[in-house]
Amino acid sequence: YGYFYNTPPMIVDLYTRMCSLNITTSQLALMGACYANGGVNPVSKKRVVKEENVPPILAELCMSGLYDSTGDWMYKAGLPAKSGVGGGLVAVAPGKLAMAAYSPPLDPAGNTVKGQAALQSIIKELNLNLFRS
């Protein structure tokens, strides 16, 4: 239908490479902090994401960041988040902070079980859920 800009083998190769990035939990939290800070890296003070792109990115995380269990995450945690099948998880409280966790095992949807529990506990303790007053 003309939706792909490259050949399927090239797209699969790029997708595989992007799924194989080596990142620490601290780096993942810093990445999230850039989104929490409107696209500006809070350490270097450099803009890394255009400000107008941050809301759509966070909205996408709210809709599909944790695969098939995104709705459950949003109901329980109420923050934009993204998981990876490697066991990483980052959550963003816009204008406030970001947090990350890494821990296997994964649930059936491919999300870290312990990471979700840990971040949900912190979110609850700090009253960060966007849907709670």
>> For the range 94-118, which positions are among the hydrophobic types (A, V, I, L, M, F, W, C) and without any contact (Cβ under 8 Å) to a residue 60 or more places away in the chain?
In response: Leu106, Ala109, Val113, Ala117, Ala118
> Does the range 48-60 contain at least one residue that is closer than 16 Å to Gln27 by Cβ and of a type outside the set (Phe, Trp, Tyr)?
Replying inline: yes
>> Considering only residues that are surrounded by 15 or more Cβ atoms within 10 Å (Cβ to Cβ), assigned to a loop (DSSP other than H, G, I, E, B) and of a type in the set (Val, Ile, Thr), which ones fall in the range 69-128?
In response: none
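Residue-wise test of (1) in contact (Cβ under 8 Å) with a residue 12 or more places away in the chain; (2) at positive phi; (3) in contact with a Gly (Cβ under 8 Å, 6 or more places away or on another chain); (4) assigned to a loop (DSSP other than H, G, I, E, B).
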residue	(1), (2), (3), (4)
Asn22	no, no, no, yes
Pro56	no, no, no, no
Ala59	yes, no, no, no
Met63	no, no, no, no
> Asn6 is checked against (1) farther than 19 Å from Asn129 by Cα; (2) surrounded by fewer than 18 Cβ atoms within 10 Å (Cβ to Cβ); (3) within 13 Å of the chain's Cα centre (by Cα) and fails just one. What number does that condition carry?
Replying inline: (3)
>> I'd like to check something: does the range 25-32 contain any residue that is buried (at least 18 other Cβ atoms within 10 Å of the Cβ), in contact with a helix residue (DSSP H, G or I) (Cβ under 6 Å, 6 or more places away or on another chain) and closer than 29 Å to Ser133 by Cβ?
In response: no
> Just checking, which of Met31, Met10 is without any contact (Cβ under 8 Å) to a residue 12 or more places away in the chain and in a helix (DSSP H, G or I)?
Replying inline: Met10
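Throughout, read-outs are computed from the coordinates displayed, never taken from laboratory work. As the structure is a prediction and not an experimental result, all values here were calculated from the model. Virtual Cβ from ideal backbone geometry, glycine too; neighbours counted across all protein chains shown.
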